[in-house]
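The block underneath contains the structure these notes are about, expressed in structure tokens.
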Amino acid sequence: MTFSRRTRVSDLAIPQEAPNALSRAVAAARARASSAGARLLDLTVSNPTTAGLPYDAEAIAAALAKRASLVYEPQALGLPSARSAVGSEYAKSGIVVDPSRVAITSSTSEAYAVLFKMFCDPGDEVLVPVPSYPLLAWLAAFEGVSLRTYPLEYAGHWHVDVGALARAIGPRTRLVVVVSPNNPTGSFLGRDELEAMLDLGLPIVSDEVFATYPLGAAIPEHRVRSALESRRGLVFALSGLSKLVGLPQMKLGWIACAGDEGRTVEAMERLETVLDAYLSVGAPVQHALPELLRAGTLTSDAIRARTRANLACVRTAARRAPAMSVLDVEGGWYATLRVPETRSDEEWAVGLVEEDGVYVHPGYFFDMTRGAHLVVSLLTPEEDLREGMDRIVARLAREE
Ligand SMILES: Cc1ncc(COP(=O)(O)O)c(C=O)c1O
């Protein structure tokens, strides 16, 4: 029996969380802490449903209990009511999305897989930013697609190196992926960067799962709220319940398409062809979507308040540690700390787990190759984050 090369983990050059020194240290620290009645402070929290956030449980349960769900109504692009609900959600931020340009998927991850299938033959390439979200490498590999990267550079603010992006395009490049705001850098795509990307003539996939979480009072003027604001080229915006209202377990995401009219019509036909083979989104969650979006504002407001308060806490802590700085961040759920290069980021992360009982992600998980960086989740309950930052500051003071 021979398995596919696409799924042979050892062949995929992807930084892995397990088993490595950090995951071993985390497992050992958790075991030590639980036998001592203590707890490892986890500053990598990414699951909103176990992070002590408020949910309108009654409204969510009622939304899922509709009798309409007893009927199977296969619709490749999703139920019309769900597609309209997505259009209305964008309208709240002043972005016009026609429901006929929306496809419902079971998650953003599935949306990537569908788009990779739609544009790439095996061996074709997609361009993705670095640093960025590690799952992209897996999603591409499973579709038989090669990743090429383009750099996000940091000079007080993050920006796309548009020249490097253009040079990375080869004869087999089919798509450009952007994550806005990006995970973990928290940078929104710039207006000029979107224009430059559109000039390259390739379809753009814009992962906007964190777009409703600006960390300042608003999204900066020179940044785009959504790539869907484009009326030329071909643009796909991805989002879903996972981050928008903190409900990843509901398994509902979407692809919204914009750009040149003729190309969007053709793209929707292709999307329908691919999605028709799976029909993967359940009826209850599709029928519930309008109510889930309404009820979810309780949770998304709480997430916005928490991530902003936590960022203020991280910045205050960093002022007490001259050797550490917080990189500029505009949105999303993460903050990146620059720490001294006296150790690698993995050594810092392992040391913090073993000696200080604090778990943070090293920058290399996100392909940050220059300098030593640690990434903390701003979704972490406030008390844990404050205590964890205090311990990091104390560790840095001892290392000086
Ligand atoms: C940038 C980004 N895109 C997509 C996802 C996954 O979302 P979904 O649960 O819809 O697959 C994540 C999850 O962490 C993410 O960080």
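The values are calculated or read from the model by the stated rules, or taken from the named source; none is laboratory data. All values reported here derive from a predicted model rather than from experimental measurement. Cβ coordinates were reconstructed from backbone atoms using ideal geometry, including for glycine residues, and neighbour counts include every protein chain displayed.
Laid out as a table, the results:
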quantity: Exclusive hit being under 28 Å from the mean Cα position of the chain (by Cα), at pLDDT below 95, surrounded by 11 or more Cβ atoms within 10 Å (Cβ to Cβ) and more than 26 Å from Y133 (Cα to Cα), set R39, R32, R6; calculated: R39
quantity: Positions within the range 320-349 being within 17 Å of F366 (Cβ to Cβ) and β-branched (V, I, T), in sequence order; calculated: V326, V329, T336, V339
quantity: Filter result for the condition that a residue is crowded, with 21+ Cβ neighbours inside 10 Å and more than 20 Å from the chain's Cα centre (by Cα), over G351, G331, G388, G371; calculated: G388
quantity: Breaking point among (1) in contact with a strand residue (DSSP E or B) (Cβ under 7 Å, 6 or more places away or on another chain); (2) crowded, with 16+ Cβ neighbours inside 10 Å, for L379; calculated: (1)
quantity: Where D98 falls short, out of the listed (1) touching a helix residue (DSSP H, G or I) at 6+ places or on another chain (Cβ under 9 Å); (2) of a type outside the set (G, A, S); (3) modelled with pLDDT under 95; calculated: (3)
quantity: Any hit, the range 193-207, residues being within 16 Å of the ligand (Cβ to nearest atom) and farther than 27 Å from R370 by Cβ; calculated: no
quantity: Lone qualifier among A227, A237 - being within 16 Å of the ligand (Cβ to nearest atom), of a type outside the set (S, T, N, Q) and either closer than 30 Å to A57 by Cα or at pLDDT below 95 (or both); calculated: A237
quantity: A323 being over 20 Å from S187 (Cα atoms), in contact with a Pro (Cβ under 7 Å, 6 or more places away or on another chain), in contact (Cβ under 8 Å) with a residue 60 or more places away in the chain and buried (at least 23 other Cβ atoms within 10 Å of the Cβ); calculated: no
quantity: Criterion: in contact with a Leu (Cβ under 9 Å, 6 or more places away or on another chain) and among the β-branched types (V, I, T) - qualifying residue of V9, V45, V71; calculated: V45
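Yes or no, residue by residue, for (1) surrounded by fewer than 21 Cβ atoms within 10 Å (Cβ to Cβ); (2) under 15 Å from the mean Cα position of the chain (by Cα):
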{"site": "S187", "(1), (2)": "no, yes"}
{"site": "P220", "(1), (2)": "yes, no"}
{"site": "L238", "(1), (2)": "no, yes"}
{"site": "D276", "(1), (2)": "yes, no"}
{"site": "V281", "(1), (2)": "no, no"}
{"site": "L289", "(1), (2)": "no, no"}
